[in-house]
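The values are calculated or read from the model by the stated rules, or taken from the named source; none is laboratory data. Here the structure is a predicted model, which is why all the values come from computation and not from measurement. Note: ideal-geometry Cβ built from the backbone for every residue, glycine included; neighbour counts use all protein chains shown.
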């Protein structure tokens, strides 16, 4: 029991460390808003697509087998002999599901760890601020923000499948559970987004904001397929692509030997000689993900591990807030 | 060391350069080894980039590595001083180098640097040998071939040739370029399968060969023969040479008031150089007993040669042959002369005339023998012994130990007598023939011509000259009357000739006196060592000529006697370097011995006297048999320089010669590739710099990075 208590308090300290004051100050002015209407069970700031329990009528639609008969508009049925379902809009609570990638590629990082940043198993092992650390910091910040808005927050840690789950809940205890669950390290194998998406969408059927925190260095087709499935389930996805500064700049001074973290391949090469081609390929990849997200109406944010979490998330949330206000006004 | 047809002067530098090829490779390998692998997440993009650039990168790396490896190789090769053989890069045959080294007298003088031209030629020869391929052959032909042992046949043992060159010394002989080039041509002809290179090392001063001497034309016309010569000297050297020393009498009587003639000589001096300033030189002479004479010679500015009289230190007391050494300046070989002066106590003369008894006595004016005796012995002090012999009674023994024969009645001489006279003459004796005054027809002339082997022709009858003719002197260096040449016009003036035997002396005889209508009066035919034949074409009696009663008679007979003996005796002098066979000497056995102990066997047909001085002739029985002096050819010591253009034109008679410059000296038998390699090296360095810049990835600052350093998309 005492050891469990120690781990809990240790996790709390790490969690607080993740929420550095500058991060919180940069995120505080914004609220976490879903661009798409999500189904909420609690009254909150989010518009709910939940018809029937709504306070504000939205529209009629045709009945399909399976619809709740309580939502039938009997008046319309009486006048037109057609089964019509009434739909309402109301402010709902938001379910935020954090999908944190813990595959082997997240173990990469080049930023030396500084005191007070908090640490994970990954950073302890690697001795540097890994992409997983950055993903954890981002996830913790978002969960904190969501919980502050009384939203329910859940966590799924995945790699080639779901590795760990924290069920959606609200309240301060939930945040500590999330932090504790994130106090792990990336696994040795790679990502399988298709499988993970299948498992996630099988578990969560109601609408939620899925925050995918990953380096997204997998096959673009796989990413496209996964996001298409989320879109098919009318889920909102926020893609946070965490990349290390070294991956983005590919800046080396001499010949190096590269060992793939998820690919069983070694290559001796002068990085300077392939830097241009590398950056082109990486750029194409990132742009492809961006295009896919745009296609499905999702947000996509590339996060640099050498940059603070706050400003990037702040810009993203501000943009989402503006978009939502305009949408409402329209 | 040789790469086919490529000669490396410093092969170890090439080895170092080739070894340095490993440096860029090692650097490359070390740079690959020292870094631990980087665990990389975005490996698929690295692989994608690598696949996209692999071929180009491999090509670039190979190209850059090749350039970097070539740089030390080319640098090493350049420092190795490669030479491209004349056979071309792929030639396989070796080269035979013929070094013709000027070791003549002219190459022996020390200059301001303290070294002789021969020293420089030897150093240049060493440099040429140093640059040769081990497979090349090299031989040496000295330009002055007195020392035949210095001629080295072509061989591959370069060190032996170097040793041979080291032993070469300057000779006392002149250079013989024509002979040396003939020898080179002979060697080339003996092996035409290989390339030949002829290197002529000389300063081409006039002593080394005058440009007006003919050379064998078109001697080297093959493309496989490379001809080089060192540039002619450009500095002028001032010196005075003794061209000749001519004693007025080589044979002189010890007493009788004319012995001083033996001390007199004419010395011909010549100056080398271009300034020819007004200066003074000292002429000295020394006898074997140590007596010495000297005189100052004052040179006027611009004067190149001069003839001065000089009193020689003749050892009168010792008798016999007196060797004398004459020097001028620093006594280089061309500044010394040696000569012999022979002294005699008495001259023995035989007059061949019909013996007359009392009733046959002729009147004084018609007694030619009487007139002759008076002229031969005008005073009783004069040590001349005269013996009268009847021509019909002469035997060979009568002419033993006789110096001169005066033949007044050749018509009475039998054939046997003529043979005795010819033998006497052939051994250096003086024979003076006069026509018999009693004869109008002279049939004896045919016998004389035949016996004495003359190409003269006579008019068979005595010519009466009416009016009588006077005499004139003929300018001739061979004249027996040369010493009294100055007084001759006055002495000749009162003399008239009434009768004369006309003769055409042909090519062999020279005329010392003529009548004023051109008829020869005194004809001389002389060969050194072969005696002198004099013909007085008028009989010394007053019905033929007034000569016996005139003052000319005594000096004419006396000078004919002494001058004839002077001409008829052997010159007793030979030229250093010339084979004895060419020296017109009779010696065939025994040996010649130099004061320094050097000995030359006369049996050797190729024997050459190789140094000047007074040589003793030792007979087969080991007895001293005479003496001879050897003098250098003064032209061989001529240090006047010749223009480069003239030398070039001169040598061009034999083939296409080119001046061997410093680079060629070092390059040896081929063209130097140093500058070509240095040019290639420069190109490689520039290329490496450019390729490094082009192939090396640009720095981060210079390249745009993708814009995701924290931004959103």
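The figures follow:
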{"item": "Pair list, Cβ under 9 Å, 6 or more apart: the range B:381-406 residue free of Cβ contacts under 8 Å to residues at least 12 places away in the same chain, other residue assigned to a strand (DSSP E or B)", "result": "none"}
{"item": "Members of the range A:276-289 that are facing chain B (nearest Cβ under 7 Å) and either in a loop (DSSP other than H, G, I, E, B) or within 18 Å of the chain's Cα centre (by Cα) (or both)", "result": "A:286"}
{"item": "Residue selected from the range A:231-275 under the condition surrounded by fewer than 20 Cβ atoms within 10 Å (Cβ to Cβ) and under 16 Å from residue A:298 (Cα atoms), by the criterion nearest to the other protein chains (Cβ to nearest Cβ)", "result": "A:231"}
{"item": "Test: residue in the range B:478-492 that is buried (at least 22 other Cβ atoms within 10 Å of the Cβ), in contact with a helix residue (DSSP H, G or I) (Cβ under 8 Å, 6 or more places away or on another chain) and modelled with pLDDT of 90 or more", "result": "no"}
{"item": "Residues satisfying the stated conditions in the range A:299-314, i.e. facing chain B (nearest Cβ under 7 Å), touching a strand residue (DSSP E or B) at 6+ places or on another chain (Cβ under 8 Å) and over 14 Å from residue A:142 (Cβ atoms)", "result": "A:300, A:302, A:304"}
{"item": "Subset of the range B:674-698 (residues that are in contact with a helix residue (DSSP H, G or I) (Cβ under 6 Å, 6 or more places away or on another chain) and either at pLDDT 90 or above or away from chain A (no Cβ under 14 Å) (or both))", "result": "B:674, B:677, B:678, B:680, B:681, B:684, B:687, B:688"}
{"item": "Residue match in the range B:462-469 (condition: under 30 Å from residue B:246 (Cβ atoms), surrounded by fewer than 20 Cβ atoms within 10 Å (Cβ to Cβ) and without any contact (Cβ under 8 Å) to a residue 60 or more places away in the chain)", "result": "no"}
{"item": "Selection count where residues are free of Cβ contacts under 8 Å to residues at least 60 places away in the same chain and assigned to a loop (DSSP other than H, G, I, E, B), scope the range B:618-637", "result": "5"}
{"item": "The range B:22-61 - residue that is within 30 Å of residue B:83 (Cα to Cα) and modelled with pLDDT of 85 or more and, of those, nearest to the other protein chains (Cβ to nearest Cβ)", "result": "B:23"}
{"item": "Test: residue in the range A:290-298 that is more than 10 Å from every other protein chain (Cβ to nearest Cβ), touching a residue at least 40 places away in the same chain (Cβ under 8 Å) and not in a helix (DSSP H, G or I)", "result": "yes"}
{"item": "Filter result for the condition that a residue is surrounded by fewer than 19 Cβ atoms within 10 Å (Cβ to Cβ) and either touching a residue at least 60 places away in the same chain (Cβ under 8 Å) or under 30 Å from residue B:173 (Cβ atoms) (or both), over B:78, B:123", "result": "B:123"}
{"item": "Evaluation of residue B:100 against (1) assigned to a helix (DSSP H, G or I); (2) modelled with pLDDT of 85 or more; (3) away from chain A (no Cβ under 14 Å); (4) touching a strand residue (DSSP E or B) at 6+ places or on another chain (Cβ under 8 Å) (one fails), failing number", "result": "(1)"}
{"item": "Some residue of the range B:86-97 being within 14 Å of chain A (Cβ to nearest Cβ) and modelled with pLDDT under 90", "result": "no"}
{"item": "Complete set of residues in the range A:182-208 that are farther than 18 Å from residue A:131 by Cβ and either assigned to a helix (DSSP H, G or I) or at pLDDT 90 or above (or both)", "result": "A:194, A:195, A:197, A:198, A:199, A:200, A:201, A:202, A:203"}
{"item": "Some residue of the range B:72-82 being under 30 Å from residue A:283 (Cα atoms) and at pLDDT below 85", "result": "no"}
{"item": "Any hit, the range A:237-260, residues being more than 22 Å from residue B:55 (Cα to Cα), touching a residue at least 40 places away in the same chain (Cβ under 8 Å), out of contact with any helix residue (DSSP H, G or I) (no Cβ under 9 Å at 6 or more places or on another chain) and part of a helix (DSSP H, G or I)", "result": "yes"}
{"item": "Any hit, the range A:209-224, residues being assigned to a loop (DSSP other than H, G, I, E, B), in contact with a strand residue (DSSP E or B) (Cβ under 7 Å, 6 or more places away or on another chain) and more than 14 Å from chain B (Cβ to nearest Cβ)", "result": "no"}
{"item": "Condition met for residue B:640 (within 14 Å of another protein chain (Cβ to nearest Cβ) and either at pLDDT 85 or above or in a loop (DSSP other than H, G, I, E, B) (or both))", "result": "no"}
